[in-house]
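This report concerns only the one structure given below.
The values are calculated or read from the model by the stated rules, or taken from the named source; none is laboratory data. Small disclaimer: the values here were computed from a predicted structure and weren't measured. Cβ: placed from backbone, ideal geometry, glycine included. Neighbour counts: every protein chain shown.
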Amino acid sequence: MGDLTFVDVCSGAGGLALGLELAGFTPRLLLDVDGHACDTIKGNRPHWNVVNTDLLDFDPVDHPEVYDVDLLAAGLPRVRSSATRTRRGSDSELRLVEATAYLVHAVQPRALVIENVPNLVDEDSFAPTRDFLRKELEHLDYELTWFVLNASDFGVPQDRRQGILTAVKRRWAGSFRPPRPTAVVHTSVGEALAPSMRSLGWRDADRWAAQATRPAPTLVGGSKTHGGPDFGPSGTKARWRRMGVYTKSFGNELPAADFRWDPSLGDDGLVRITVDQTALIQGFPEDWRFAGGKTARYRQIGNAAPPAVGEALGRAVADALRAQARSIAGYTSSP
């Protein structure tokens, strides 16, 4: 089997697609409704085919390049439980799940990967969503595998659990195995951010990094109606403050050489993390640039799939597809 190809819907800032590229996949098309996110991808990968449209409005007939691909990837907006959807009167996330399933009907990729909330995998309140996907995909000859990954197990300096569905055509499904952790030791916030904290000569950078010894809490990008960027719920903010980090807003600049880090002084003695540093916490490379203002950039980062997780998923799918190809080749070449 030669080069592997993929289509990525609800691509966001390109975290999942970047990981798949690292795993050896070539994109045929990426799609997102957010203009800033599309600009981010095009700014970093000008040669990629990026379509700025809503998945609900996407018609593959108008984009024949999406047919005959190895993988359809979907980093869908966080699906709410059935109880929450009823209470809030909103089903927009579920409609995107349905649209993804219907796109599988049309495209018939060899494999599908959906990345979403960890509760989607096994909580009873998400059973209707799982049942819908099973009914739609099994009769198309896919075998489904549900599992949860934590980005910290793949070298990302963040405690970020992700619910994953893989659906692989039965011809290849027997060779699929979920990714195994690659990180022997979890990367801490201090280790990830120390180089940038030192970059303006901050004298306390190493002292701060030495006590920030855990992965970061989960970054939460929020929605377009969420307001400005923030660190999330109170429990998450408390974890950041225990690492000496200011949590009422993100900083606009890195600490200067004379900044005095002293948590005993209250807010004035806490270090501010910039939006660009949250991209490092999400596992993006330093040279990946995000389009838009501060809020738009943080929303893209916080909602992204860490590239390292995308790479692990891509390698797992590639191994399955290529294992079957090698088996067929061995059979046909035997005497």
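Of the residues making up region 289-302, those that are of a type outside the set (A, V, I, L, M), touching a residue at least 40 places away in the same chain (Cβ under 8 Å) and surrounded by fewer than 23 Cβ atoms within 10 Å (Cβ to Cβ) are 289, 292, 294, 295. Tell me yes or no: at least one residue of region 78-89 is among the hydrophobic types (A, V, I, L, M, F, W, C), modelled with pLDDT under 95, surrounded by fewer than 17 Cβ atoms within 10 Å (Cβ to Cβ) and out of contact with any strand residue (DSSP E or B) (no Cβ under 8 Å at 6 or more places or on another chain). So far as region 78-89 goes, yes, one or more of its residues are among the hydrophobic types (A, V, I, L, M, F, W, C), modelled with pLDDT under 95, surrounded by fewer than 17 Cβ atoms within 10 Å (Cβ to Cβ) and out of contact with any strand residue (DSSP E or B) (no Cβ under 8 Å at 6 or more places or on another chain).
Condition check ((1) among the aromatic types (Phe, Trp, Tyr); (2) farther than 25 Å from residue 200 by Cβ) across all residues:
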| position | (1), (2) |
| --- | --- |
| 275 | no, no |
| 278 | no, no |
| 281 | no, no |
| 284 | yes, no |
| 302 | no, no |
| 308 | no, yes |
| 312 | no, yes |
| 316 | no, yes |
| 320 | no, yes |
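Here is a yes/no grid of residues against (1) modelled with pLDDT of 95 or more; (2) not small (Gly, Ala, Ser):
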position: 231; (1), (2): no, yes
position: 235; (1), (2): no, no
position: 242; (1), (2): yes, yes
position: 247; (1), (2): yes, yes
position: 256; (1), (2): yes, no
position: 259; (1), (2): yes, yes
position: 271; (1), (2): yes, yes
position: 274; (1), (2): yes, yes
position: 281; (1), (2): yes, yes
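The condition of being surrounded by fewer than 20 Cβ atoms within 10 Å (Cβ to Cβ) and within 19 Å of residue 72 (Cα to Cα) holds for only one of 260, 322, that being 322.
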